[in-house]
Amino acid sequence: MMDNEALRIVNDEVIDCRRCDRLVAWREEVASTKRAAYADEQYWGRPVPGFGDPAADIVVVGLAPAAHGANRTGRMFTGDRSGDWLYGALHRAGLANQPDSTAIDDGLRLNGVYITSPVKCAPPQNKPTPAERDACAPFLSAELAALGEVAVIVCLGQFAYAAMCGHLEVRPRPKFGHGVAVPIAGGPTLLCSYHVSQQNTFTKRLTTEMLDGVFSQAVELADRA
């Protein structure tokens, strides 16, 4: 799916990164000890690059790879329930060719969408530090530069929203809220959504209808309705 040479270079640099000692130790420990359900699988255990359409005008930004999801499979939001929610919504919006993402070679293709994260390694307790976020910031900048004319950035959760506001120098920063849209003069619109975490979906803080609404809005803002 990747035919953007600049993105290919960035992703290769991401995969080789060992900048953050704590994250390197954790991702490799998880990949070594594994979860019992995946004991027979070979974990990826490295930084996880972005994934999607290299000509995307919509970018989805999460938090970081999940320990037994993307850290296992090597692709963002792949192999866990958060991914089931995200890719299901993308499929219903006409932005993905299938509603699930189970493995890096499962045939999933995205249409006009690229998925990435401010932190490229799985962090302990899913909580990266500001220093770890900042260490990854050049990768995020390079990805967005390689993608070119991005119209909408869907921020899944407050961490992603804060990271993107920092990247785009949004000051003052409007309060995060599901469905909040923040137009950037001369740039993309930041569109907020609650994260597709199990904590949010199990408690119904985030529903299917709410998530579908965000991606319908993203398609409209990208002028592809």
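Worth pointing out:
- Among Ile58, Ile104, the ranking by other beta carbons within 10 Å of each residue's beta carbon, starting with the fewest, stands as Ile104, Ile58.
- Equivalent ellipsoid semi-axes, the range 1-96, via Cα gyration tensor eigenvalues times 5, rooted, Å: 24, 19, 10
- Scattering profile of the range 152-225 at q = 0.22, 0.25, 0.27 Å⁻¹ [log10 I(q)/I(0), Debye over alpha-carbon scatterers]: -0.96, -1.14, -1.25
- For the range 76-90, backbone nitrogen atoms closer than 13 Å to the point 7 Å from Asp212 Cα along Cα-to-C-beta are found at 88-90.
- Peptides 126-138, 83-95, 38-50 ranked from most to least packed, by the mean per-residue count of other Cβ atoms within 10 Å: 83-95, 38-50, 126-138.
- Hz values of 3J(HN,Hα) by residue in the range 102-117 - Karplus curve (6.51, -1.76, 1.60), Gly and Pro given as x: 10, 7, 5, 10, 8, x, 5, 9, 9, 10, x, 10, 10, 10, 8, 8
- Residue-averaged 222 nm ellipticity for the chain, from DSSP H runs of 4+ at -39500 (n - 2.57), nearest 500: -11500 deg cm²/dmol
- From the C-alpha gyration tensor of the range 101-225, square roots of 5λ in Å: 20, 20, 18
- Angle in degrees between helix 21-33 and the longest Cα principal axis of the chain, rounded to the nearest 10: 60 degrees
- Per-pair calculated FRET efficiency, R0 = 22 Å: Arg173 and Arg22 via Cβ, rounded to 0.05: 0.25
- Placing +1 on the Cβ of every Lys and Arg and -1 on the Cβ of every Asp and Glu, with nothing else charged, gives the range 89-215 a dipole about its Cα centre of roughly 460 debye.
- Positive dipole terminus of the chain, leading residue within Thr129, Ala70, Pro118 (C-beta point charges): Thr129
- q = 0.10, 0.14, 0.16 Å⁻¹, the range 5-221: log10 I(q)/I(0) [Debye, one scatterer per Cα]: -0.39, -0.80, -1.08
- Note that the range 67-162 shows a convex hull volume over its alpha carbon atoms of 107 Å³ per residue.
- Counting lysine pairs in the chain whose alpha carbons fall under 25 angstrom apart, excluding pairs fewer than 8 residues apart on the same chain, gives 5.
- Centroid-to-centroid, using Cα positions, the range 29-89 and the range 141-200 are 20 Å apart.
- Take 145-152, 110-117, 18-25 and order them by the average number of nearby Cβ atoms within 10 Å per residue, most first; the result is 110-117, 145-152, 18-25.
- For Ala151, the residues whose amide H sits under 5 Å from its own are Ile58, ignoring neighbours fewer than 5 places away on the same chain, with H placed 1.01 Å from N.
- For Leu110, residues with placed amide H under 5 Å, excluding near neighbours: Asp53
- Check: the chain dipole with +1 on Lys, Arg Cβ and -1 on Asp, Glu Cβ, in debye: 820 debye
Readers should treat all values here as calculations from the given coordinates under stated rules, not as data from a laboratory. None of these values were measured; they are calculated from a predicted model. Glycine gets a Cβ as well: all are built from the backbone with ideal geometry, and neighbour counts include every protein chain shown.
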